[in-house]
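The values are calculated or read from the model by the stated rules, or taken from the named source; none is laboratory data. Here the structure is a predicted model, which means the values were calculated and not measured. Because the Cβ atoms are built from the backbone with ideal geometry, glycine has one as well, and the counts that use them run over all protein chains shown. All accessible areas refer to the heavy atoms of the entire protein, side chains included, with ligands and DNA or RNA removed. Shrake-Rupley method; radii C 1.70, N 1.55, O 1.52, S 1.80 Å.
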Amino acid sequence: MRPTDILKITPQGLYCAPGDFHIDPVRPVAQALVTHGHSDHARPGHGSVLATTETLRIMAVRYGEGFCGTAQEARLGESVAIGDARVTFRPAGHVLGSAQILIEAGGCRIVASGDYKRARDPTCLPFEPIACDVFITEATFGLPVFRHPDLASEVRKLLDSLALFPDRAHIVGAYALGKAQRLMALLREAGYDRPIYVHGAMERLTDLYKAEGVPLGEVRKVVAAERGKLGGEIVICPPSAIQDLWARRFPDPVTSFASGWMRVRARARQKGVELPLIVSDHSDWDDLCATIRETGAGEVWVTHGEEDALVHWCRTQGLEARPLHMIGYGDEGDDADAPREEPAA
Amino acid sequence: MNRFAALLDRLAYEPRRNAKLRLAAAYLRETPDPDRGYAHAAMTGALTFRNAKPALIRGLIAERTDPVLFGLSYDYVGDLSETVALMWPTPQAGAPGHNRPPAPTLTEVVETLASASRSELPARLAGWLDHLDEIGRWALLKLITGNLRIGLSARLAKTALAQIGEMEPNAIEEVWHGLEPPYESLFAWIEGRGPRPESVDPAPFRPPMLSHPLEDVTDFRAALDPASFSAEWKWDGIRVQAVAGFHEGRKTARLYSRTGEEISGAFPDLIDALSGDPHFVGAIDGELLILRDGRVQSFNVLQQRLNRKTISPKLIHEFPAHIRAYDLLAEGEEDLRALPFAERRSRLEAFVGRLDPQRIDLSPIVGFPDWPALEAARADPAGAGAGVDAEAVEGVMVKRLDSPYVPGRPKGLWFKWKRDPFVVDAVLMYAQRGHGKRSSFYSDYTFGVWRQGQAGPELVPVGKAYFGFTDEELAQLDRFVRKHTTNRFGPVREVTHTADAGLVLEVAFEGLQRSTRHRSGVAMRFPRVSRIRWDKPPREADRIETLEALLATYPEPETTDP
Ligand SMILES: [Zn+2]
Ligand SMILES: [Zn+2]
């Protein structure tokens, strides 16, 4: 069987014919396998959903308990048969519960990696490379200008600014699922022990992380009336809120944003960011390239992001590669609370 | 270099003027000579390096990276220096010759660039880039290409300098143009350690006075008394300051742009005339125009002269530069800026009266008894005294008769009232991703109007617009493009454009020219999206005949250079 007979591109998303299921479908389908809880990958209204326990819980928090007909739990590392295909979920290191999906059919091994990163993240399991024939990768940061710096130095930037401006509130934009909690965990590792304040929109997901056993220390929801008293505190909010009137009610706010996009100056300025923090939940260029090599795949399919550059690189390495031009990922943003512009980063 | 790079990085992200000022002043106070002097020169654009052109940097990165990956990256980032700074492959620690020597100092960079031969430069630059981090590389590349646009104006940089010694910025301005980096005598004077620098500039730049849009004044027809104002044409050239003075018996004449950059080199014909005219000693604020047979040429013509790198006698002959004077800031040694406009104007008339009218003439006063009369003049400059020069009139300037000449943009003194642009309803056909900060949006729009094709009405592209909309409208347009894409060609998306489905954009533009480069045969000047016509079906958009008619009424010469 050729890989293209096993996985096809349909308007709903990637479709596995031997198993009769879709991966991360963008429209309602009968049977969906979901890699992780970001809203461009995990959508409501499917007949059945197979995903990790954590991803199912995230979907329930976002869309309510009835987000699909039947929810099935995928155990990491356990291979199950679906129709004529076998599927195995393995950690992707992207956000809590994120997984890659290995599909074996007709003697061919294909890995749909969803979104993934290789950098350290105390809030989720690390990425595990899977040997395969075809590796399906994202390319959100698929340009060699994206090289994420050392995490500790970025967290240090925020703490240094707090020391320099002890009376100003530091408003940090971060995606509600994953980035916000990772930032909290990194701040705790760096010894920051004051309460961390969060925008109401990220409270439930943060509670979920804590319930899943991720230590985040004391997290308090911002009470509107008390914003004026939060000088010198760290406040984490959805990216869309950093330029809102909401943010201006804090004492002389320093506007910050934690995202891989902050590597490019024009992006930071576009958002009016004064303290860009380059912290990303996606792989940077070097990690994309290294991961492709590690999987040993002879063929690479690129779902979304900067496909052209990554496809070109694969070809210069003697790998077969093609862009899938998938619509609906990244485009809509990843966060129900930040419904615009770029993908979660 | 690292301390300077850190300053530039902070400045680049800091929107507040006062915070920028504090950052720059703190740097100048804490950094030793000569680094701070070179830093200041770099910030004000006073350093140029003949040897470091973008081509050199492109060459270095081309040796180290894949050309396709570089091209895609550059297209995404939108800035050469930043792209190279981010992509530069740093040598692995432990590799031979890379035992991490310290990063270069700013002084080392500046002095090396001044003395290194053309052939040495690439290796020097590559060595520095190897030992700096992303921010250091970015700052170095910005510096050596003379592209330090970090949101710190020359004026602000001088104000920061003045703050070290609690001086007035204008005191710095007045000694400035005679000085050379790294300004050690200037710092000594500011810090009270030395005398005022000797070489006082005989032809200094004086920060210009700017205006506000008249429409910004609520109900200006009732709020402003026409009898308190004078009006004149707003000419479509470049605003300049022409200055000449004597120092130790020698005359110096200079031409400055409104930002204080000296542009004398581009206009040797004017400089010769100003130096040679014994009556020209002082400072004039005016508009630089091209005059042929006494007739003002359009901005396109001026643009052709500005685009040329070498100033040949033929160019000077074909594009004679001329100044149309608005104001007199100094006459001889006397500073006139504190006088009321009416008084400066009569001094200006007498002053210009003694000069060669081929080179400098007066911008005429437009008399008006009331606002409707001025509105009529603005709508029809040809009929209101501008005559054949009317095409070069952008609108009118309205100035309080009692206004002193105040640097900057003071409130309530000077107003500009621009002519209404041309407007056409066109259909969005293609959209392309923007550069830099807009790279996540489809922000460049190709639009077309209807014409009769062989198979019935068809849309023909007539231009491209990438500004005129608010950020909110950009988000709406971007969403529309993504939802209605019918085809993709690399970074370009084709968008639905039929008679019944599609989006109409109201496009405003300043003028129209015949063009052989465009399929429609016409090219617009400064097209921009003035309104999004969500309400209008594409079939009701304008036809090419509308543009043809405009072209017949307002002909502009065809440009050779896009
Ligand atoms: Zn994701
Ligand atoms: Zn994604």
- Tell me, how many Å apart are the Cα centres for the stretch B:515-556 and for the stretch B:159-208? 51
- On protein heavy atoms with a 1.4 Å probe, the accessible surface that disappears when B meets A, both sides summed and given to 100 Å², is 2900
- Message: Taking just the alpha-carbon atoms of chain A, what radius of gyration and Dmax come out, in angstrom?
- Response: 20.0, 64
- Is the shape of the stretch B:422-551 rounded, prolate or oblate, going by the alpha carbon gyration tensor and its root eigenvalues a ≥ b ≥ c, with a/c under 1.5 for rounded and a/b larger than b/c for prolate? prolate
- Measure out, as a whole number of angstrom, how far apart the alpha-carbon centroids of the stretch A:86-141 and the stretch B:240-258 sit. 69
- Any residues in the stretch A:140-166 that have 30 Å² or more less accessible area with all protein chains than in their chain alone, probe 1.4 Å, and which are they? A:143, A:144, A:145, A:147
- Please identify every one of the trypsin sites (Lys or Arg not before Pro) in the stretch B:123-194 that sits in a loop by DSSP and has no more than 13 other beta carbons within 10 Å of its own beta carbon. B:149, B:193
- Message: Over the Cα atoms of the stretch B:149-283, what radius of gyration and what Dmax do you get, in Å?
- Response: 18.7, 56
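Quick check: convex hull of the Cα atoms in chain B, volume per residue, rounded to a whole Å³?
Per residue, the Cα convex hull of chain B comes to 192 Å³.
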- Note down the nm distance, to one decimal, between modelled labels 7 Å out along Cα→Cβ at residue B:314 and at residue B:533. 4.5
- Item | Exposed-loop-free span, longest in chain A, where GluC sites (Glu not before Pro) count as exposed if DSSP calls them loop and at most 11 other C-beta atoms lie within 10 Å | A:79-217
- Message: Can you compute the modelled spin-label distance between residue A:317 and residue B:307, with each label point 7 Å from Cα toward Cβ, in nm?
- Response: 4.4
- DSSP-assigned coil residues among GluC sites (Glu not before Pro) in the stretch B:459-562, each with at most 11 further Cβ atoms within 10 Å: none
- Query: Which pairs, out of A:179/A:271; A:271/B:142; A:271/B:158, put more than 20 Å between their alpha-carbon atoms?
  - Reply: A:271/B:142; A:271/B:158
- Message: Taking the alpha-carbon distance from residue B:464 and a cut-off under 22 Å, which lysines remain once sequence neighbours fewer than 8 residues away in the same chain are dropped?
- Response: B:437, B:483, B:536
- Note on the structure: Bridge orientation stat for chain A from DSSP, antiparallel percent rounded to 5, came to 35
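Once Rh is set to the Kirkwood radius over Cα pairs, what Stokes-Einstein translational diffusion coefficient, in µm²/s, holds for the stretch A:1-97 at a temperature of 20 °C and a viscosity of 1.002 mPa s?
Taking Rh from Cα pairs, D becomes 159 µm²/s.
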- Using only the C-alpha atoms of the stretch A:43-145, find the volume of their convex hull and express it per residue in Å³. 121
- Message: With the crude spin-label approximation of a point 7 Å out along Cα→Cβ, what separation in nm comes out for residue A:4 versus residue B:259?
- Response: 5.2
- Item | Neighbouring partner chain Cβ atoms per residue of A:261-273, average, 10 Å criterion | 5
- Cβ crowding within 10 Å averaged over residues, with B:84-90, B:22-28, B:409-415 ranked highest first: B:84-90, B:22-28, B:409-415
- Share of accessible surface on carbon and sulfur in the stretch B:212-418, whole %, 1.4 Å probe and ligands ignored, is 52
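Taking beta carbons within 10 Å but only from partner chains, what does the mean come to for residues B:63-72? Can you show the working numbers first?
Details: counts 0, 0, 1, 5, 0, 6, 11, 4, 3, 9.
Other-chain Cβ atoms within 10 Å of each residue's Cβ, averaged: 4.
Considering only DSSP beta bridges whose two residues both sit in the protein assembly as shown, what percent are antiparallel, to the nearest 5?
Numbers: 101 of 147 bridges.
In the protein assembly as shown, DSSP labels about 70 percent of beta bridges as antiparallel.
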- Message: I'd like to know how the stretch B:105-168 sits against the 2.2 N^0.38 Å rule of thumb: what's its Cα Rg over that expected value?
- Response: 1.40
- Message: From the C-alpha coordinates alone, can you work out the Kirkwood hydrodynamic radius of the stretch B:2-145, in Å?
- Response: 16.1
- Query: Given 10 Å bins starting at zero, what is the percent of C-alpha pairs of the stretch B:179-245 in each, up to the one with the largest pair distance?
  - Reply: 14, 26, 22, 15, 19, 3
- Message: Limiting things to C-alpha atoms, what are the Rg and the maximum Cα-Cα separation (Dmax) for the protein assembly as shown, in angstroms?
- Response: 31.5, 98
- Message: What are the extents of the Cα atoms of the stretch B:212-418 along their three principal axes, in Å, largest first?
- Response: 51, 37, 28
